[in-house]
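The values are calculated or read from the model by the stated rules, or taken from the named source; none is laboratory data. These numbers come from a predicted model, not from an experiment. Cβ sites come from the backbone with ideal geometry, for glycine too, and all protein chains shown count toward neighbours.
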Amino acid sequence: MIPLSAYVFVSAVLFMTGLMGVLIRRNFIIVLMSVEIMLNAANINLVAFSHYLDSMAGQLAALFIIAIAAGEAAVGLAIIIVVFRGKMATNVDEINILKW
Amino acid sequence: MMWLLFGYFATVSIVAGVLTVSLRNAVHCSLALLTLLLHMAGLFVLLNSEFLAMVQIIVYAGAILILYLFVLMLLSLKTEEQHLHKKYAFMVFGGMFVFVELLIFLLQSPFGGKKGEATPEVILNTDHSHAIGITMFSDYILLFEIVGIFLLGAIIGAIVLAKTPTKPDNPDSTQTAIS
């Protein structure tokens, strides 16, 4: 029987990978992909706790997270297309009109 | 056997995650993300949630990832010389600090809690998707409706954002739209 902490450890490592991706990558699309990695890490956590505590609530939350991720991907990619059309850039450090 | 499968799925997911954030070419990154999502579906099967594994494969790997690949090919990005942030060493150091803190907190946690009613025997009596459906449409019906409205808003927002803007040298279309 695999302990719950093993799943939580995998989830923590994946979450940190996604956070690193958000912090260090310059491409906006890869930043969105890293956000997906972080959402998936949270999903593993929810499903593991739902399995080990004999409850259905975690799986429902994971299902809703998948739906939210789909909406986030659609709107984020639409924003990327708009920015690319105006500025021909997808690097997050070149998109700085709102900065000052 | 469980440990072998768990080790395989966990190792491949972590390696694919690291590849996703570190590969240079964006298409390779999205293929690594695909590997990550498929192996995560395997982890869900190990956790007795087959319905969620199928949803993961269909929605994540089938729809969201295709959307990413579609936008990547629409924009046809060049592979860049410098794909990481300028101060990435600093960021990695800060991230490792947060990770160590997270591990310390996790090691202190008892991982306990109140047990629910959905034991594996109860789920096996009906089946898994049936049990999820009953829970979703009784206890979580409000959340379900809210997610529906959210998805409608996301669809409308994406269409409005990505629509080709009307040409300024053709004022008739905007005036007819206003009047």
Region A:59-90: number of residues that are surrounded by fewer than 16 Cβ atoms within 10 Å (Cβ to Cβ), at the interface with chain B (Cβ under 8 Å from one of its Cβ atoms) and outside any helix (DSSP H, G or I): 0
Unique residue being over 18 Å from B:S13 (Cβ atoms) and surrounded by fewer than 22 Cβ atoms within 10 Å (Cβ to Cβ) when the list is A:L39, A:L23: A:L23
Region B:1-21 residues that are in contact (Cβ under 8 Å) with a residue 40 or more places away in the chain and hydrophobic (A, V, I, L, M, F, W, C), paired with ones that are outside any helix (DSSP H, G or I) and exposed (fewer than 15 other Cβ atoms within 10 Å of the Cβ) (beta carbon under 9 Å, 6 or more apart): B:M2/A:M1
Checking B:I178 against (1) at pLDDT below 85; (2) more than 24 Å from A:A61 (Cα to Cα); (3) within 13 Å of chain A (Cβ to nearest Cβ), the condition it does not meet: (3)
Residues that are part of a loop (DSSP other than H, G, I, E, B) and of a type outside the set (S, T, N, Q), drawn from region B:57-87: B:L77, B:K78, B:E80, B:E81, B:H83, B:H85, B:K86, B:K87
Extreme residue, nearest to A:F49 (Cα to Cα), among residues of region B:104-126 that are in contact with a helix residue (DSSP H, G or I) (Cβ under 7 Å, 6 or more places away or on another chain) and not in a loop (DSSP other than H, G, I, E, B): B:L106
Residue list for region A:48-58, restricted to those being surrounded by fewer than 19 Cβ atoms within 10 Å (Cβ to Cβ), among the aliphatic types (A, V, I, L, M) and part of a loop (DSSP other than H, G, I, E, B): A:L53
Yes/no for A:M33 being within 18 Å of the chain's Cα centre (by Cα) and crowded, with 22+ Cβ neighbours inside 10 Å: yes
Total residues in region B:116-142, condition at pLDDT 80 or above and facing chain A (nearest Cβ under 7 Å): 5
